[in-house]
């Protein structure tokens with residue numbers, strides 16, 4: 001009987017810890033929203049830069065932008081929204097430089 005109570009108590013603790021990570025505080029929710037918007041903007045900029053003929057230097061910058069947006073998505077996965085925003089902004093900036101370099 002005490003073994004069952006111990007297992008039940010452990011299950012309750014695990015459920016509580018799991019739920020506390022899923023339920024975001026209001027300030028975290030706004031950071032999450034900002035990070036999602038920043039990542040989507042970076043992806044859009046990368047998609048536009050993808051269409052452009054690139055030099056070797058610009059290709060490296062383009063690949064860096066793609067890596068940074070992937071890193072931003074990884075930080076979203078671990079709920080580090082500030083770093084996700086930062087990496088997404090860096091990705092958007094790098095992709096923007098690629099597009100700007102292609103314009104006459």
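Given (1) farther than 16 Å from residue 102 by Cα; (2) more than 10 Å from the chain's Cα centre (by Cα); (3) modelled with pLDDT under 90, where does residue 80 come up short, assuming only one miss?
Result: residue 80 fails condition (2) only.
Looking at (1) surrounded by 12 or more Cβ atoms within 10 Å (Cβ to Cβ); (2) in a helix (DSSP H, G or I); (3) modelled with pLDDT under 80, can you tell me which one residue 24 breaks?
Unmet for residue 24, out of (1) surrounded by 12 or more Cβ atoms within 10 Å (Cβ to Cβ); (2) in a helix (DSSP H, G or I); (3) modelled with pLDDT under 80: (2).
How many residues are in a helix (DSSP H, G or I), surrounded by fewer than 20 Cβ atoms within 10 Å (Cβ to Cβ) and without any contact (Cβ under 8 Å) to a residue 24 or more places away in the chain when one looks only at the range 76-87?
3
Is there a residue in the range 27-50 that is closer than 14 Å to residue 79 by Cβ and either touching a strand residue (DSSP E or B) at 6+ places or on another chain (Cβ under 8 Å) or at pLDDT below 65 (or both)?
Scanning the range 27-50 turns up no residue that is closer than 14 Å to residue 79 by Cβ and either touching a strand residue (DSSP E or B) at 6+ places or on another chain (Cβ under 8 Å) or at pLDDT below 65 (or both).
The values are calculated or read from the model by the stated rules, or taken from the named source; none is laboratory data. Values in this document were obtained by computation on a predicted structure and should not be read as measured data. No Cβ is skipped: glycine too gets one built from the backbone with ideal geometry, and neighbour counts run over all protein chains shown.
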